[in-house]
Structure formats: C-alpha cells, structure tokens
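Every read-out reported here was derived from the displayed coordinates using simple, explicitly stated rules and does not represent laboratory data. Just so you know, these numbers come straight off a predicted model, no measurement behind them. Neighbour counts are summed over all protein chains in view; Cβ atoms, including those assigned to glycine, are modelled from backbone coordinates with ideal geometry.
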Amino acid sequence: MTQSYTASDIEVLSGLEPVRRRPGMYTHTQRPNHLAHEVIDNSVDEAIAGYCKQIDVTLFKDGSLQVEDDGRGMPVDIHPKEKVSGAELILTRLHAGAKFSDKNYQFSGGLHGVGVSVVNALSKHLECWIKRAGKEYNIGFKDGKVSSRLEAIGTVGQRNTGTRIQFWPDPKFFDSDKFSVPQLKHTLKAKAVLCPGLRVTFKNEASGEQDEWFYTGDLGAYLIEELGKHERIPVEAITGTREGDNDAVNYALVLAELLDEIGAQVPGIEPFVLLGK
C-alpha cells in the first residue's frame, strides 16, 4: 500500500465491473438465491401490471436456474440514445430500466433496473429468450458481457409473448453456488399469495419434485390456511387494502397462540400480521 494518494489513484468503473469487483454491495453472497429473486421479481412486476398470468421456475441438474413468464417480453427494439437493443441495455447496464416512472409499471418489486443486470454480472453464463411481436429472439452473455447479439430465431403467434432467462451463477462470487430450495419455494409461494390469479410453478430436475401455487382468495384466507388448527382471535382474519399514488398494501391480521421453537404452547397471545404489496 502506497502512502501517496492522488487523483490518478481514482478508478472509474463502467458497465457491470462495479458489481463484479464488489458483489456484496449489490446482492447476498452466501448463496445465489437473491439473484433468483431479482429475475422472479421482474416477472412478478409484469403480473402486477396485468400482463402475466404464469411464471415457471426450473432448477436444472447443472445448477442453473430458469425463470419463464408470459408477460409482454423484454423490448427488442433499438434504444434511441444508447443504440443497443432494449434487452441488451436491461441486462448490461446498471440503472437501466422502465421502472423509474409509472408509465409502464405503477408498482414494482424489483430494483428498478439494477437487479437483473446484477444477475448477469455475477453469472458465468446467461441466456435470454424473448417472444414478442410474432417472433422469438435470443441473446447470450458470458461473464456479464454479450457473447451472442440479439437475433430472431423463430416465429410465434402474435399473442404468444414472454421472457425466459436461464443463468449459471459464477461460484467465485458466492460462499456456495447452490440454491437453497426451501428458501426458493418459500419465495415462490409468497409471490403467488401476493398476486391472486397468478400461477407459479417450480420444478427441481435433480430431485424430480414439482410444485404449483395458485391463489384466488385474499390474504385473510391464506393466513387462516397457514395457521391451521391453532386458536385465533378473531376466527376470521381482519383484512384491508390501502393504495396511494406510488404504493399499495394489502394486509391480514389475527391474534394467534404463541408457540416456542419446538412447537409447545406458551401462555399468551401474539399479533400475527401478514403484509403484502
């Protein structure tokens, strides 16, 4: 370490290099689950906006994860200022996205253009397929950089739209490059609960397990289902909705028995609150 410190020592990182240099500033580095959340959140945002009815998540034997939705599909046209396709811009530039205003998304759960580019930065390989305007497109990346430019690879029906992303987390950025399946399933179930009418599926190729979540009721019904036979006051959940210009919340509340860590009953009651956007 030198004792001198001058302007020439200042580095200006571009593209996704800041993420690869300091991944802990952008995501959890214990496991790549947070990367999965970012891709899933983009699909959920399409559902919240009313354009997506199904999200399919697959964990492959090679450790890669795929998220597919039937939303509008990432933009494939050329950005007027940056001169690259919308898909490439979204996947390679921090703070590039359509969520800073409410023009395309009134509400969103993603990181407003940061999340999915971080996924690309911390993956040794990422493939993206887009179905939009009667065509299917593909673009590929290695170590966060474009390895194959966006190109049309086939035709589909005009109403057949959506985005499919498959990524291979780079082990050098994580304590373990294995996804926590219980955490992943918990996340997927929560997304289905918070988006009534959205069907969410999960397939684990290694174990053969398959799960599906679909809820038509409100949070109160889900809360009662989760509590099972535990005594509660009131018997039915108190529910409500609040919505503002930029935020919305649905809530459900009951008072339930307090259980200790091994499941034995403990005298007293504890507020049980479930919030969702």
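Put in order of Cβ neighbour count within 10 Å, fewest first, the listed residues R242, R72 become R242, R72. Rg and Dmax of the range 17-213, based on Cα coordinates, read 15.7, 46 Å. Relative contact order for the range 17-213: 27 percent, from Cα pairs under 8 Å spaced at least 6 residues apart, divided by residue count. Footprinting exposure proxy ranking of H186, H125, H34, fewest other C-beta atoms within 10 angstrom first, gives H186, H125, H34.
3J(HN,Hα) along the range 198-215, derived from phi through the Karplus expression 6.51 cos²θ - 1.76 cosθ + 1.60 where θ = phi - 60°, amounts to 8, 8, 10, 10, 9, 10, 10, 5, 5, 9, x, 6, 9, 9, 9, 10, 8, 10 Hz, with x in place of Gly and Pro. Dipole magnitude for the range 177-227: computed about the Cα centre from +1 point charges on Lys and Arg Cβ and -1 point charges on Asp and Glu Cβ, it is near 140 debye. Computed from backbone phi, the HN-Hα couplings of the range 25-30 come to 6, 10, 7, 7, 10, 5 Hz, rounded to whole numbers (Karplus: 6.51 cos²θ - 1.76 cosθ + 1.60, θ = phi - 60°; Gly and Pro given as x). Amide H contacts of R232 (H built 1.01 Å from N, in plane; Pro and chain starts excluded): no residue 5 or more places away or on another chain comes under 5 Å.
In the structure shown, the pairs K83/K191; K81/K135; K131/K189; K81/K142; K81/K172; K83/K185 are assessed against 30 Å; a Cα-Cα span above that value is assigned to K83/K191; K81/K172; K83/K185. Considering only C195, F173, Q54, and ranking their Cα positions along the charge dipole of the range 17-213 that arises from unit charges at the beta-carbon of Lys, Arg, Asp and Glu, the one farthest toward the positive end is F173.
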